1. Which links in 105/167; 61/105; 30/167 stretch past 22 Å when you go from one Cα to the other?
2. Once you sort the root eigenvalues of the Cα gyration tensor of the stretch 49-192 as a ≥ b ≥ c, which label holds: rounded (a/c under 1.5), prolate (a/b larger than b/c) or oblate (the other case)?
3. If you bin the C-alpha pair distances of the chain every 10 Å from 0, what whole percents do you get?
4. State the percentage of accessible surface on the chain attributable to carbon and sulfur atoms; use a 1.4 Å probe and exclude ligands, DNA and RNA.
5. 5 Å is the cut-off here: which amide hydrogens, built 1.01 Å from N in the peptide plane, fall below it relative to residue 121, excluding neighbours closer than 5 in sequence?
6. Ranked by accessible surface with a 1.4 Å probe, highest first, in what order do 69, 93 come?
7. Shape call for the stretch 115-248 from the C-alpha gyration tensor, a ≥ b ≥ c root eigenvalues: rounded (a/c under 1.5), prolate (a/b greater than b/c) or oblate?
8. Quick one: net charge around residue 161, please, counting Lys, Arg +1 and Asp, Glu -1 for every other residue with C-beta under 15 Å from its C-beta.
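The values are calculated or read from the model by the stated rules, or taken from the named source; none is laboratory data. This is a predicted model, so every value here is computed, not measured. Every residue, glycine among them, receives a Cβ derived from its backbone with ideal geometry; neighbour counts consider all protein chains shown. Surface accessibility is based on the protein's heavy atoms, side chains included, excluding ligands, DNA and RNA. Shrake-Rupley method; radii C 1.70, N 1.55, O 1.52, S 1.80 Å.
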Amino acid sequence: MAELTPKDRIIFALDVQGTDEAARLAGLLKDSVGVFKIGLELFVSAGPQVVSAVRDAGGAKIFLDLKFHDIPATIAGALRSAAALKADFATVHCEGGRSLSEAAKEAASAGVNVLGVTVLTSLTPQDLIDSGIDPEYKNPLDLVLHRALLARMTGFAGVVCSGFEAKAVREKFPDDFLIITPGIRLESDSQDDQARVSTPYEAISNGADYIVVGRPIRNAPDPVKAAQAIASDVERALKDLSNRPKPL
Ligand code: C5P
């Protein structure tokens with residue numbers, strides 16, 4: 001992967017309604033983050049044209065985070081549509097499994113990095129049990145590793161997982177497998193509805209390539225300043241990583 005600067009590694013979650021507000025935030029943050037994430041709230045409220053509006057205003061990469069979960073033919077069609085919108089990243093739930101490998105291959109050749117959603121960072125062990133997951137996998141880390149392996153075998157470009165799980169996933173897949181980490185908070189931030197949070201420093205030190213940040217930037221009195229503080233924390237982690245002794 002080409003060298004990414006600290007700011008390039010920040011994916012800003014545009015969890016707002018309507019094209020105007022999304023384009024305003026993209027314009028405001030265009031020099032402070034590297035990727036704009038369009039999720040369900042924005043896509044459903046504003047429609048597909050919001051993708052080009054955000055790209056025009058923000059001039060950065062686009063992460064279409066619609067977390068597809070359906071039969072392979074439908075996912076293949078949805079990924080084709082994501083490619084037509086020139087999305088750089090798109091998300092698919094890992095549970096779809098290896099039957100999605102043809103769709104993943106086609107998306108990759110169209111330039112879309114397909115990322116597998118492992119276990120949402122808002123879920124607790126009790127939520128996993130309540131949803132019917134085998135108690136053997138009630139620890140999110142075990143389930144994340146299982147699903148990351150599945151994602152790799154399916155041919156996905158990487159996975160989305162929490163900052164703590166990033167370490168174990170990176171140990172298993174040292175190269176060539178993207179790790180995207182949401183649930184990011186600086187120590188002074190509110191946790192909101194996230195259950196497995198980490199700081200930018202922790203996530204990057206643990207092997208994440210990109211971090212997803214929404215409310216800590218969006219709700220800050222000065223969003224640009226908040227993004228810069230996060231970039232500094234990323235920079236510190238990258239520096240410490242480059243000073244770590246290499247294994248013999
Ligand atoms: O920073 P904040 O908590 O506001 O970020 C929330 C964003 O992270 C949302 O867009 C949500 O979809 C996304 N996300 C997440 N957990 C995942 C994947 C994405 O919270 N596993």
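1. Numbers: 105/167 26 Å; 61/105 20 Å; 30/167 29 Å.
Flagged as over cut-off: 105/167; 30/167.
2. Working: a/c = 1.74, a/b = 1.27, b/c = 1.37.
Note, shape of the stretch 49-192 comes out oblate.
3. Bin by bin from 0 Å, the calculated values are 8, 32, 38, 20, 2, 0.
4. Whole-percent figure for carbon plus sulfur exposure: 53.
5. none
6. On the way: 69 110, 93 35 Å².
Largest to smallest exposure gives the sequence 69, 93.
7. On the way: a/c = 2.09, a/b = 1.21, b/c = 1.73.
Since a/c reaches 1.5 but b/c is at least a/b, the shape of the stretch 115-248 is classed as oblate.
8. Values: positive: 67, 147, 152, 167, 170, 172, 196; negative: 65, 95, 142, 165, 171, 202, 209.
Neighbourhood net charge equals 0.
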